[in-house]
1. Specify, per residue and in Å³, the volume enclosed by the convex hull of the alpha carbon atoms belonging to segment B:127-214.
2. Explain nothing, just the number: dipole magnitude of the protein assembly as shown about its Cα centre with +1 on each Lys and Arg Cβ and -1 on each Asp and Glu Cβ, in debye rounded to the nearest 20.
3. Which of A:Ala15, A:Ala212, A:Ala58 ends up with the largest GNM mean-square fluctuation for chain A, with Cα atoms connected below 10 Å?
4. Say each of B:Leu33 and B:Ser200 gets a label point 7 Å from the Cα, pointing the same way as Cα to Cβ; how far apart are those two points in nm?
5. Using a Gaussian network for chain A with springs between C-alpha atoms less than 10 Å apart, which of these wobbles most: A:Leu151, A:Leu73, A:Leu89?
6. What FRET efficiency do you get for C:Arg121 and C:Gln69 if R0 is 41 Å and r is their Cβ-Cβ distance, rounded to the nearest 0.05?
7. On average, how many beta carbons from a partner chain sit within 10 Å of the beta carbon of a residue in A:125-135?
8. Rounded to whole Å and ordered largest first, report the semi-axes of the equivalent ellipsoid of segment B:296-372 derived from its Cα gyration tensor (root of 5λ).
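Bear in mind these aren't lab numbers, they're just calculated from the coordinates by the rules spelled out. No experiment lies behind these values; they were computed from the predicted model shown. Reconstructed Cβ throughout: ideal geometry from the backbone, glycine too, with neighbour counts over all protein chains shown.
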Amino acid sequence: MQAAIECDGVGFTFARRPILRDVTVRIPVGEMVGLLGPNGAGKTTLLRILAGVLAPEAGRIRVLGEPPGWRTLRHTALLPERGHLPGWLTIGEWIIHARRLYPDWSEERERRLVDDLALRLDRPIARLSRGEGVRVGLLTCLAREAPVVLLDEPFTGIDLLSRETIASAIVRECGDGSRTVIVATHDVREFEPLFDRVLFLKDGSIAADETAEAIRARGQSVASRYREVFSP
Amino acid sequence: MTHADRWLALWRFEWSRGRGGQRPWKRRLVWLLVAAGVSLAAGLTISASTSASPNRVGLASFTIWLLFGSFSLVRAGTGDGLGATAMLPYSRFTVVCVRAAVVYARLCGWCLLGAALSAAINAAYGLMRNPQVLGTLLSLLAAAALICMGLACVSAVLSALRSSAYRWMGTLGDMIGSGLIIFLCDDVARRGPLSEMHESWLVFAAVYAAYGVVAAAVGTRCLVRGTWLLTAGDEVERVRPEKAESSRRFMHRFDPNSSARGLRPQVKSVSVNLVRTAMFIFRMGLGRVLWPGGARPAWRAAVVLLFGPVIVFVALVALGWTSRDAHLLFARLEGGMIGGAWLWTMFCGFAVASLLEHLGDWMRGWPVRKEGVIAGFALAESLSTWLWLAAGVLGGVVLWAHLELAHLTRGEDVREVLLAGLVSVLVGTWNTVWSAAWTVCSERGDRFAWFSFEIFLAGVWFVEGGRVVAWFDTVAWPKVAGVAVAFLAVAAMALAPRLHAAARRLISP
Amino acid sequence: MTLDPPWQPPAWELDPSQPLYEQIAHRIRVEIAASRLPGGTRLPSVRDLAASLRVTPNTVMRAYAELEQDGLLETFRGQGTFVARSSGVEARAQARIARQALEHVRRVAADLGMRVEDLLRLGAEAGGGEDDDAGSHRV
């Protein structure tokens, strides 16, 4: 099977502190992957590098066969952080801009997501709560036909019901078998059924890379495996 | 979707930034009227104090108007950050071009509006057909078009340059742009007849535009590398050395739980004693001001820090070397020092406010008087003026020595330069604490009015500073001492309630 | 037939320490064995079932594939997945569940070092019945 994402020896240093060290991983097309690790493990940095908005210092990366850069942003959707949404617009205005800005925007998906995520279009983005902000980010990501979707912490700081809504929306929009999804999170317990495969990122390097079913076949949950990997 | 459609979409998106979305047109109209009013008032003041000829009012107002544009419109494009744009699937070159073009279009609109305003003022004085005034206005417009090009380029990449080694290019570019406009204002308001030729303006402006293009190229590279993304918590990152090293010592001193080690009495006296808190915070903030490089190597931090003042020094000496009117030169230098200190320390206040915001709950938890915290950080931050003032004083002394050899000056000139340095330190320190306290506790709308007023005051200092210093120099020493004491008393009295309000706001935002 | 709205599964709680596809397949098998899903009933699409259970589509696909192999489900291209119409579907499902239950009882008996008959008798004498659920849940 063709690999959606290939990393070979990826490293990154900031302010003389190593953030990623020799990350080597290969993710086939159509998998839903959980990138798990505590805060500060380098999850966000890795996703930014895969999205092509941050250049790695070492190593070789291919996203659908291309090195990441602005060109791969055309088929990669990275969940924008809170501050990376256009705060000066309302949700509705942003959607109108997004339709024109993204060549792969699907208005059908957009309508479905606006309903599913219960977005109020007249709300100014700058004044959204954390949960609403994440939902607008998800809309921005998932309304595109992008074959690679990178979601950074889509669940933190959000109440349980909204989390379930978000998880369902992710599965519904990404579940046609052609989209590769990476979800970075430290909320393992509730959402582990979302992952075909889990990568454990510890201090900037991959501590384990397993399929979720292989973990369960050993009678272990992903959460207990997480505890095993990260407990000192 | 064609190429043109995509460009247009990006243009519309970037253009929507400045609209402010929810801001009603009435507010914007009021804003314009305020800007026009302040420009006119400043123009009147400047022309009254220098040339005493009404034919400069329109021109000077126009430059002040430009100064407003260079502050507010350039910020409009950077205020909400790059994030929203950088995630879009467009080449980084396209992104920078479109951003610069949008800011440029805005600035040009602003210039044309200002030119119309200036023409209206000129017409009111019956100067419509005066060839000198008309020619100067046209040259001003041409220079402004070039300066705006530089400003637009710098503004497009200002956020992209953050946290890279080239961060200074953005801040310096921003400052030079405003500096050039002040230079235009100064040249327009100069004593003597208006000349019709202003090639030097165009040369400077063109050089600045070229600088802007270079900065944009560097910024594009930074955008590609993505280092700007790593700025979240940058300020905290910068105080981190202090956090790590002195935090333990610091908490040790202030933590009421450390009473077991017999520190209780000291804790109590410190938390009561505002001045000691301020001094402690001052020492803590000192490293951040003197060594702003953070993780950068020391020599590089020093270069970054000294670059601006050294340039100022060189420019000052170069410009003053062939001066014909030494006294005017020194009066200008003195005014420039005080006015510059005023402007710079206003921004220092902003920096302190944003630092406090970044420190957030970490700082809120300190069991100390928050007035002392604000004052301490502000005092430390105000030290950054000293380098610039030192450049000014040193430049003044060098020029004085040079002109003394040619028997063009008298002893009082150098005395006045030193006095101006002293006044700037006093005034600047006060202004830093004041503007930090004000920024912390004011609403957005008030902030703009205050900001305009500060700029206006800086303008007054620029123009009248020399005369104030000259007056000080003629007055007997006891009187000066009296004025200084009175100044300190009034300044402290004005500051105390403001600091108190700011401290309250800090604790419960 | 295809116009009927598909069957809506109840909100199952899945055990994250057991293979998820097996649990989903088991739940559907139980529904069929208990005659709550007659032949020809349309099942939700892979994507919809995955979204409502919040599992990956690959998991649901694997569960459907297993049930298809057992002859309990049949998929028609472009129409969806249905409970097989052939006779004896219920019986096949029941037989499979019974086999699994028996295996489970055997394992417990082996753990206790007892014979299966003794274990069953002991259970009946203990007057339980409330523990039955726990047993069938685990499989």
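1. Values: hull volume 7.4 nm³, N = 88.
Given the Cα convex hull of segment B:127-214, per-residue volume reads 84 Å³.
2. With only Lys, Arg, Asp and Glu charged at Cβ, the dipole is about 1780 debye.
3. Residue with maximal mean-square fluctuation among A:Ala15, A:Ala212, A:Ala58: A:Ala15.
4. Reported label-point gap for B:Leu33 and B:Ser200 is 4.0 nm.
5. A:Leu89
6. Working: r = 37 Å, r/R0 = 0.89.
Plugging the Cβ-Cβ distance into 1/(1 + (r/R0)^6) gives 0.65.
7. Across the residues of A:125-135, the mean count of other-chain Cβ atoms within 10 Å is 1.
8. That gives 38, 18, 8 Å for the three semi-axes.
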